[in-house]
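Shown next, in structure tokens, is the structure this report addresses.
The values are calculated or read from the model by the stated rules, or taken from the named source; none is laboratory data. Since the model is a prediction, treat every value here as computed from it, not as a measurement. Backbone-built Cβ (ideal geometry, glycine too); neighbour counts: all protein chains shown. SASA here: full protein model, heavy atoms, side chains in, ligands and nucleic acids out. Shrake-Rupley method; radii C 1.70, N 1.55, O 1.52, S 1.80 Å.
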Amino acid sequence: MTELATDALRDQLDQLLLTARRVAESLDLDTVLSSIVDDAATLLGADSGDILLWDRERGALRVVAVSNFPPDMLGFEMPFGEGMSSQAITSQQVIEVEDYGTYEHRARALDRYVFGSVLCAPLLFRGAAIGAINVHARGRRHRFDPGADDLLAAFAGHAAIAIDHA
């Protein structure tokens with residue numbers, strides 16, 4: 001492993017540790033979830049991000065935290081089954097799409113944001129998916145770096161723990 005790769009890995013681990021500390025120290029769920037999505041977007045080189053929770057009774061996904069999005073996105077809801085988040089939740093797998101605008105399961109209500117690449121990981125807790133975290137590269141096509149799916153899954157795990165502790 002090159003020195004540059006070692007430094008990048010060390011930076012990633014440091015950021016995950018910092019995020020884990022925030023989860024452990026804060027009692028305010030909104031603040032913790034906002035920090036998690038901010039950290040994930042920053043570390044993965046994304047332009048924005050969000051966390052959605054699945055309300056099974058209502059069959060809806062609701063945005064509960066955002067990074068670099070208009071504040072009116074908080075509380076945005078869409079029917080479960082629309083969008084990448086539903087697909088990641090159903091499959092319990094991280095999903096990457098290079099051009100969200102052409103993605104067959106995209107949430108058309110989000111077309112105004114002109115996402116390019118999107119990476120989405122389910123929030124898994126005790127074997128069940130409870131939501132999803134997304135990071136977006138707006139207006140440009142690119143692939144996230146190798147290992148980005150594992151990093152986003154780690155942030156998703158932090159979010160699931162924070163939700164359980166709340």
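Which count do you get for residues in region 100-149 that are in contact with a strand residue (DSSP E or B) (Cβ under 6 Å, 6 or more places away or on another chain) and over 20 Å from residue 67 (Cα atoms)?
2
Residue under question is residue 162, and the condition is that it be open to solvent by 70 Å² or more (accessible area, probe 1.4 Å), touching a Leu at 6+ places or on another chain (Cβ under 9 Å) and aliphatic (A, V, I, L, M); does it hold?
In short, no.
Just to verify a result, which residue in region 42-76, among those that are part of a strand (DSSP E or B) and among the polar types (S, T, N, Q), is farthest from residue 148 (Cα to Cα)?
67
Please find, within region 85-103, the residue that is most open to solvent (accessible area, probe 1.4 Å) out of those that are within 16 Å of residue 130 (Cβ to Cβ) and in a helix (DSSP H, G or I).
The extreme case among them is 90.
Does residue 117 meet the test of being modelled with pLDDT of 90 or more, open to solvent by less than 60 Å² (accessible area, probe 1.4 Å) and out of contact with any helix residue (DSSP H, G or I) (no Cβ under 8 Å at 6 or more places or on another chain)? Give the steps one after another, and end with the answer.
Working: modelled with pLDDT of 90 or more: yes; open to solvent by less than 60 Å² (accessible area, probe 1.4 Å): yes; out of contact with any helix residue (DSSP H, G or I) (no Cβ under 8 Å at 6 or more places or on another chain): no.
Against the criterion (modelled with pLDDT of 90 or more, open to solvent by less than 60 Å² (accessible area, probe 1.4 Å) and out of contact with any helix residue (DSSP H, G or I) (no Cβ under 8 Å at 6 or more places or on another chain)), residue 117 does not qualify.
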